[in-house]
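These notes concern the structure reproduced below.
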């Protein structure tokens, strides 16, 4: 396996990965006119129920902004808001079946659009697999290395 060394060319390529990944997300959002709450639905589907503060942190926005988004999603029936059992002042937000269905439909639309674009790019399945692998490595943390086995139990004699 060939590794990237951090020379000017490698730095430019790693920068390009970030730039083009962000452009892809923006392009999909704009061309498909995705609903504003899709990101919140995605976070909840991945993380499970969260409080407003945790949800705002996950989306990198303010609590008032997240509260407004959640209110719209509750009104649309895409998320549910329940009292927090451990903090009477807070709420726990969870995705509903309707929210999961909406998220599935949005992801299918995105997938279809990406598939159409890839079909016209003449990329091989191996190239697409490599691109997905690189993006997955950047998004999902690598597993921690296994601890080296110790010397084992010592016997005490004497």
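Tabulated data for the structure shown
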| read-out | value |
| --- | --- |
| Fewest-first ranking of 74, 38, using other Cβ atoms within 10 Å as the exposure measure | 74, 38 |
| D (Stokes-Einstein, µm²/s), Kirkwood Cα radius, the chain, 0.890 mPa s at 25 °C | 126 |
| For the range 1-69 and the range 97-142, distance of Cα centres in Å | 14 |
| For the chain, calculated [θ]222 nm from helices alone, where every DSSP H run of n ≥ 4 adds -39500 (n - 2.57) | -19500 deg cm²/dmol |
| Mean Cβ count within 10 Å, highest first, over the residues of peptides 125-135, 49-59 | 49-59, 125-135 |
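Bear in mind these aren't lab numbers, they're just calculated from the coordinates by the rules spelled out. Quantities reported herein were computed from a predicted structural model and do not represent experimental measurements. Please note: Cβ atoms are built from the backbone with ideal geometry, for glycine as well, and neighbour counts cover all protein chains shown.
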